[in-house]
Structures are given as structure tokens and as C-alpha cells.
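Scroll down for the structure; my scribbles are underneath it.
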Amino acid sequence: MRRFAALIDSLIYTRSRNAKLAAISTYLRETPDPDRGWALAALTDSLDFPAVKSSTIRNLAGTRIDPELFRLSRHHVGDTAETVALIWPEAPDREQSDPTVDEVVQALSSTTRATAPDIVASLLDSMDSNSRYALLKLAVGGMRVGVSARLAKTAFAQAFAVPLDDVEELWHALDPPYVALFRWAEEGGKRPDLSTTPFFRPFMLSHPFEGDSLDLGAYAVEWKWDGIRVQAVHLGGETRLYSRGGDDISAAFPDVVEAFDRAGVIDGELLVRGTDQGGEAASFNALQKRLGRKTVSKKMRQEFPAFVRVYDLLIDGEDDLRLLPWHERRQRLEAFVPTLNRDHFDLSAVIDVDDFAALETMRAGARDAAIEGVMLKRRESPYLAGRVTGHWYKWKRDPLNADCVMMYAQRGNGRRASFYSDYTFGCWTEDGELLPVGKAYSGFTDEELKWLDRFVRQNTLNRFGPVREVAKSLVLEVAFDSIHDSKRHKSGLAMRFPRIHRIRKDKPAEEADRIATLRGMIS
Amino acid sequence: MAKAKHWIEPHPQGVYVRPADIWIDPSGAKQHAVVTHGHADHARGGHGEVWATPETLAIMGLRYGTDAGTPVAYGEGFERGGVRFSLHSAGHVLGSAQVLMEYQGERVVVTGDFKRRPDPTCAPFEPVPCDIFITEATFGLPVFRHPPIAGEIAKIFARLETEPDSSILIGAYALGKAQRVIAELRRAGWDKPIYLHGAQVRMCELYEELGVSLGELRLVMDTPKEEMRGQIIICPPSALIDKWSRRLPSPVTAMASGWMRVRGRARQRGVEIPLVISDHADWDELTGTIRELAPKETWITHGSEDGLLRWCELHQIRARALAMIGREDGDDG
Ligand SMILES: [Zn+2]
Ligand SMILES: [Zn+2]
């Protein structure tokens, strides 16, 4: 556990992505099976010990520490697991052992609600404070060490110099502690057999379109939908729904999962139907109400029914179609989708346009709530994992723009810790009050960042910890993809992907945009 | 026997000793003051007459431009208004003292700030038996246990080994912490020059003058950027995230403080190497010292008094919190 605990701590304190990658790959190379596999699962929150709850740990603390001292300490530390790890009394005569991660995982998974307190207590007794912390985070989940599944996979690929795409694919097919995955990566052994497992296949991704024109004889055009990219898999009798990052989101969308009953793997956009849209696809804002839920109520399912607008077919029955050109896959897709439940699956249409100028007009005119732009797909391209140049392009609608006034600035993280690089900006109400409408921390050059940092330091009105309130004098032209109603902000608005487009040193703050103007941009 | 309650008055501004008309560590200017040590929350400028150790007077001289005062060495004392005052080493920073007061057969000790761990830059804590023990409680919660310092110093060397091209920037309070960290680095075998932020220089020089050797120290300002790769730099905690740090090559930030025991606190400050090094007693030292001295009563000046009060209650020790102001849980942790 000590090495695992040291890894956790180094991830907690490291902000640089490269340093995190290095720490994880070193650990994976130097740690034996099955410990490293358990560690990998823990980092990506793929372990679950239902018998151990946060309350188990809190109650356990009460058996060793005065409840009032615990309460005061918890209040100071701010995290139950960490408080218990720090406060747990160490018997001075007791030799501390260093159990393996595997021993810990076995012990935790063999517990019941009734035996959990004793088992966790004896593990805590055997460890030093850092290991206790790692143990408790492992037991109740929620490591929060800033490691996404993607980062963990990248570290794995780096550790053993294997292609990330392969890791991506195999990873989802195997269960912790991934012994077969390590064996394959380390010894160049046989690829594990995956034919009947409903795992995630890496998505084919697109580049932004930056050219002036494109031969529409070679490229097909589809709408780009403003939902979330999903992959629905039905293989070996099981169905799964995966998000862009390969996370299993089946639990949040049981309606879609239950409806997908034909063997195959489809790629499409998850959307919800909106009453305002007459049962058609609603905006991203509506979809957000269903995202990130562990379970979903009947009411939710009725109010925001989810469906997949399908645009590609990776596997049809037993046939892997990924090496076929797009137009052949499209034919198979057009035969496949009509056999699915119509409430939850429909076909993303190919736009019939053969003149680039006409396409430009269509793209600019599209104001459907769920359309984000258009996709350009080369007709001869196979389905390739990752972002490969020359095959798929996304051509988003022009962003919206607003002139806003900088109100607050906050220090950045990592490399940017010495800069005020996160800006909150606002627009005017009819009464001449400035209300925040968004926050941005990108879009500017290094030179501009230096200038903004200096502006913040020279125009500070108040300090609140890492935040500074600045004189309301600087206009920032903010670009954003769309704007929505939001109860979270006093202005009642929330922007999607806001970034600083230009610093308008020339414009007086009074001439920045009004809230009412922004309200008019809601789609 | 006199009752301390009648001759010692705790005020938000400090402890007042009525028969002697003397304040201990008052937070505002007073006519007569005993100062336990040079930290700003204990040593304020502008007093009429000051009693303190010679080292504390020298530190106050550096801070406030005047070192006028009556020096009192450890173990020595003076009498005023029938109260006998004497100073005893507190082990906190160079010159730090506890104040023992004896009046009509009653003994009262004010610790100022103290610690029990060995520190190469100052004299060790001297346990002084007393009836009333007036103590700090900066780390008066059982989550605060400072690990052995050698392991913390080793974290710096480990980082330099894996990232030899970086520069390690350690945030350390200018009085006490900075010198202790330097001395511990020396003790662990680091004999290269150690680089200082400008704000650390004068106090280090004063420590040297007072007989604490710190090895070769250089100023960051005078050193070309590239030369500081693989080097250790000491700066005030506030400079860690300041523009100042941009002049260093690939800086990795460390911070030496007892507060670094709590992960969230280290993260909040963007610290990459938290060094749990404190000049204050941790929970075990606080409770152990109260047990060892077994005073009739324990009074708590500042810190997490609720935690220590609760412990006293559980152990049936008479205790009260004095709620002193202006003693912040700042960077001298
Ligand atoms: Zn102090
Ligand atoms: Zn203090």
C-alpha cells in the first residue's frame, strides 16, 4: 500500500499533465500484478465496495476517537476520509506492516455491512497515515486525483510503449485487475479475445474545417448535432452505452439501452426530445438535465425522452465494418436503423447539396436548436480510431460574440499559477448594473495573458483569497458557441464554451453589451 | 498562596501582570512589555520598556529599527512589583523564551510559542514546573502530528534526483523556519550554495552573527537563471505564487509548514512538495507537555483552543481559553 499511497499523493500535488503521466507509468512498470491493475482501476473509479460507506468510516472513527474531537478535526480538514487517516491513533508498540493492494482489495470485497467496521479497523491499524488515506479513498471511492480514464490509458500506453488505440479497445473489454492487458503490453503476448464482449470501440474523431472549399463529390455532408457523442453496443446478449471518453453511461439512459436489441455497434449523437421543438431534438441545455445521473426517475424519462441520432455502423451482427469505406457502411446503416425502435433511434440524414456555396448558406442559416454546424466525411474513408487528418471535418456554425466587461480575475493553475488567467465578465442590466454572464480562461495569446495579468494587478479593487475584483473598465470580446437559460447565475444566462476573442482596449465599458441583447441570442 | 486569577489578567491584547504593571506579548504598544520571541504576532514595536532575550532584542532591532530593551538570558530574571520574572528556552525559534512568573508562592508559565522537537538553530525547550500553564495551541487538534523532519527534507532530495533540471523553491517563514530548513539541509549533507529571496537575507545574516552557521548563501537576484537548475531556493511563502518565481528555471514549489499535513491546504496554495515542518508543538507535544508538567490549571492563548480544551475536559484537567486576538494561524506554522 505504501507505494500506491505515494502515487496517490504525488498525483494530488502534481498539476502538470506530463508529470502525472510519468508518475503513473513508473508505478505501472515497477509494480507487480495484480496490485498495479487494482491501482489502475482505483484511479479511474472502477472499483466499488458496496459494503463500505462513508458513514462506516465516520462511525468507525467514533470507536477510537472522542466524537467531539473528531467533529472539530473534520471541520478543520474538510474531508472525512482524510480526517480519519490523520487522526487514527497509532499504537506505538505495534509494528506497521505494509499489506499489498491486492490484500486490501480482497479484504474489502469479502466484507458485508456487518463485518466492514472490523475489517477496515484492522487494516487501518496496520498502516501509516498516508496508506490509511489511500485505503479509505480506495474503499469509499472518489479518489479525485485529477486522473481521467483517458489520462490513465495514456500513461499505460506510455509505460509499455504500446499504441493508445489498442489500450483503449482492450481496456474496455477486460475487468480489473487487467492481468491479461498487462501481459499483452509487457510481453507482447496474444491479444485477449474480445469477440463476444460488449466493450467500447474508440471513436473516429474530426478536425475543424479551415479551408475555403471542398469537393463535395468526395465528401458527404451531415448535420453536426449538439448532443453528446455515444456508442451503443449490443453484443453477447448485453447492451452498453458509452460516452465520448469510453465511460459506461448505461445507467443514466435505461430507455435507450433497453431499446437497443439488435447485435451491433452504432455511433451517433445522444439527444433528448423537447416539447418546445414539437417532439424534435432539443438543445444541449435540455440534455444536460439527464447527464451525469447515476439513476434516472420515471418522470425524467417522460419529460426528457432520450434518443440516438445514428450516423455510423461499426459492427453489424458478426461483421466488423470498420475497414469498409464510409459509403458502404452508410448503406448497411440505412438498412440497420429502420429495424430499431423508432422512439429511441433515428437516422442522421445526409444533406443533399452539391455546391459548396449553397452549403455555406445552409450552414449559416441553420438555427435548429440541436444543430451545431455540419460534418464533412470523406466517402472513401474507413472508420479510423482517433483523430486522423483528411477524413472527417467539423464545420461549426460561426460562434456568437458579445462585448463584456471584466469583473473578477482569479489565479490559474500549474504553469499559470503566477498569472491572473481566469476572468469573470458581465453585461449591463437595464438599470445600469453589471451582472456576471460567464467565465473564461482561454482564447488569448501568451502576450495577451501578460497584458491581462498586468491589467488585473494595476486595477485591483478588492481581494478575496485567490480572487481579485477589478475596476469595471476593460471590455473583452467574448466568443461562445451558444447561450442558455440558467438558474445558477443572477443574470439568468449561461454560455457554452466561452473564450476571450479579443481585448477591446478601444471600447469604453459603458458601451459593452446588455443582458437583454444576450437574451436574444438564446437558441 | 496567591490566586493567579487575582494577579494575572488575560486580555484580548495579551496577558497583563497587574502587580508588576507588565504585559506579556501585547498586540499593541504598552509601557512595559515582556516579549517571548521575535515573530510579529508576539513582538510589536513601540513599547516603552521591553524585557526579552538578547537574541529576541536583536531580532526586534532588525524589524523595528530599535533594539533598546533589557536583555534577559535563559535562566535569568528580574523582579518588579513583587513578581519574579525569569526566561526559559521555548525551543520555537532563536531566542524564543517562556516566561516564568513567581508571586506569593504561586508559579505561572507563559509559553509564547514552543516546540519539543530538536532544532539545530535554537536551544531546546525547558520544561518548567508550574501551577498555571499558559500555552499556545496552534496545532491543538489530533490530526496534527508532525513527522520526523529527516523524511520531509528527503522529499526535496528525491525530487532533485528525478528532476535534476528543476529548481526547488521552498516557501518558509523568514524568522526561524527558513534557517531551520537551511540547517537541516546542511545536516542532511547538502553543501552547495543555497539561494535566497531578498526578503530572507537579513534574518539569515543575523542568525549567522548570533552564532548559527548556515553555510554558503547566495542571492537569487545576483544569479543567472540557468545557474539555478538543480538548486534549492528559499523564499517567503507569499513569493511562491508571485511574479517573482518566474525568474527561476522549471521551479517546483515546496512549502515548510505544519499546515501542510492537510492535503487540501497544500493544494489550495498550489504546493507540489508539502513539507510538514513546524516550529510549533504538535498535538502529541501539546498534550504530552501538559501531562508532564501536570499544572493545576491550563490556560490556552491562541490556536485551536477548542480541541485542546476538549482534551483537557476528557482528562479532567482544569482549563480555559483566553481568546487572544491578533495571533493568526499564518505562515509561521
Ligand atoms: Zn512564533
Ligand atoms: Zn504565535
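Projecting the Cα positions of A:S421, A:P508, A:V233 onto the charge dipole of chain A (unit charges on Cβ atoms of Lys, Arg, Asp and Glu, taken about the Cα centre) puts A:P508 furthest along the positive direction.
Lys-Lys pairs in chain B that are eight or more residues apart or on separate chains and whose Cα atoms lie under 19 Å of each other come to 7. Fraction of C-alpha pairs exceeding 14 angstrom in segment A:379-444: 72 percent, rounded to a whole number.
Which order do the peptides A:397-403, B:282-288 come out in when sorted by mean C-beta neighbours inside 10 angstrom, highest first? It would help to have the intermediate numbers written out before the result.
On the way: A:397-403: 17.0, B:282-288: 21.0.
Final packing ranking: B:282-288, A:397-403.
For segment A:445-468 versus segment B:15-33, the spacing of their alpha-carbon centroids is 43 Å. Charging the Cβ of each Asp and Glu at -1 and of each Lys and Arg at +1, and nothing else, the dipole of segment A:207-396 about its Cα centre rounds to 760 debye. Dipole magnitude for chain A: about 1440 debye, using +1 per Lys or Arg Cβ and -1 per Asp or Glu Cβ, origin at the Cα centre.
With the alpha-carbon atoms as the only input, what is the per residue convex hull volume for segment A:450-523 in Å³?
On the way: hull volume 9.1 nm³, N = 74.
Taking only Cα atoms, segment A:450-523 has a hull volume of 123 Å³ per residue.
Over the protein assembly as shown, what is the percentage of antiparallel beta bridges among all DSSP beta bridges, to the nearest 5? Don't skip to the answer; put the middle values down first.
On the way: 95 of 138 bridges.
Within the protein assembly as shown, antiparallel bridges account for around 70 percent of the total.
Backbone geometry of segment A:415-432 corresponds, through the Karplus equation with coefficients 6.51, -1.76 and 1.60 at θ = phi - 60°, to 3J(HN,Hα) couplings of 4, 9, 4, 8, 10, 7, 10, 10, 10, 9, 10, x, 10, 7, 7, 5, 8, x Hz, x marking Gly and Pro.
Here the 3J(HN,Hα) profile of segment A:119-134, calculated from phi with Karplus coefficients 6.51, -1.76 and 1.60 at θ = phi - 60°, is 5, 5, 4, 6, 5, 4, 4, 8, 10, 7, 4, 5, 5, 4, 4, 4 Hz, Gly and Pro shown as x. Estimated purely from DSSP H runs of n ≥ 4, each contributing -39500 (n - 2.57), the mean residue ellipticity at 222 nm for chain A is -10000 deg cm²/dmol once divided by its residues. For segment A:487-523, the set of trypsin sites (Lys or Arg not before Pro) satisfying both a DSSP loop assignment and a count of at most 14 other C-beta atoms within 10 Å is given as A:K487, A:R488, A:K490, A:K505.
Using alpha carbon centroids, what distance separates segment A:253-267 and segment A:21-43, in Å? Segment A:253-267 and segment A:21-43 have Cα centres spaced 33 Å from each other.
Residue by residue through B:241-251, how many Cβ atoms from other chains fall within 10 Å of the Cβ on average? Don't skip to the answer; put the middle values down first.
On the way: counts 6, 2, 5, 1, 2, 2, 0, 0, 0, 0, 2.
Average neighbour count from other chains, rounded to a whole number: 2.
Amide H contacts for B:A319 (H built 1.01 Å from N in the peptide plane; partners 5 or more residues away or on another chain; cut-off under 5 Å): B:T298.
Averaged over its residues, how many other protein chain Cβ atoms are within 10 Å of peptide A:77-85's Cβ atoms? Mind showing how you got there, number by number?
Numbers: counts 8, 4, 3, 0, 0, 5, 4, 1, 2.
The mean count of partner-chain Cβ atoms within 10 Å per residue comes to 3.
Take each residue of peptide B:298-311, count the partner chain Cβ atoms within 10 Å of its Cβ, and average: the result is 2. Counted over chain B with a bin width of 20 Å, the fraction of Cα pairs per bin, in whole percents, is 32, 55, 13, 0. Rg and Dmax of segment A:370-496, both derived from C-alpha coordinates alone, stand at 18.6, 59 Å. Put the Cα centre of segment B:139-183 next to the Cα centre of segment A:120-180 and the gap is 28 Å.
Could I get the Rg over Rh figure for segment B:198-333? Both from C-alpha atoms, Rh via Kirkwood, rounded to two places. Mind showing how you got there, number by number?
Values: Rg = 19.6 Å, Rh = 18.1 Å.
Using Cα coordinates only, the ratio equals 1.08.
If you wrap the Cα atoms of segment A:185-248 in a convex hull and average its projected area over all directions, you get 7.8 nm². Remark on segment B:14-95: Rg and Dmax equal 11.5, 33 Å (Cα only).
If you take the Cα atoms of segment B:149-275, find Rg, then find the Kirkwood Rh from the mean of 1/r over all pairs, what is Rg/Rh? Each step should come with its number before you reach the end.
Details: Rg = 13.4 Å, Rh = 14.5 Å.
That ratio is 0.93, to two decimals.
Under the combined filter of DSSP loop state and at most 14 neighbouring Cβ atoms within 10 Å, segment A:418-521 retains these GluC sites (Glu not before Pro): A:E430, A:E433.
Counting other Cβ atoms within 10 Å, which GluC sites (Glu not before Pro) in segment B:68-122 have at most 12 and lie in a DSSP loop?
On the way: sites: B:E76, B:E79, B:E102, B:E106; in loops: B:E76.
Answer by residue number: B:E76.
Classify chain A as rounded, prolate or oblate, taking a ≥ b ≥ c as the square roots of the eigenvalues of its Cα gyration tensor: rounded when a/c is under 1.5, otherwise prolate if a/b is larger than b/c and oblate if not. Oblate is the answer for chain A, as a/c is 1.5 or above yet b/c matches or exceeds a/b. The dipole here belongs to segment A:401-499: it is taken about the Cα centre, uses +1 on the Cβ of Lys and Arg and -1 on the Cβ of Asp and Glu, and is about 540 debye.
Residues whose amide H comes within less than 5 Å of that of B:T53, counting only those at least five positions distant or on another chain, are B:V72 (H built at 1.01 Å from N in the peptide plane).
For segment A:207-396, the alpha carbon convex hull comes to 119 Å³ per residue, rounded to a whole number.
The sum of -39500 (n - 2.57) across all DSSP H runs of n ≥ 4, divided by the residue count of chain B, sets its helix-only mean residue ellipticity at 222 nm to -6500 deg cm²/dmol. Legend: P(r) of segment A:1-109 from all alpha carbon pair distances, 10 Å bins from 0, whole percents, reading 12, 35, 37, 15, 1.
Note on A:K396: lysines with a C-alpha under 25 Å away, same-chain residues under 8 apart excluded, are A:K224, A:K289, A:K377, A:K439.
Laboratory data are not the source of any read-out in this text; all were calculated from the coordinates shown. All figures in this text were calculated on a predicted structure; none of them were measured in a lab. Cβ sites come from the backbone with ideal geometry, for glycine too, and all protein chains shown count toward neighbours.
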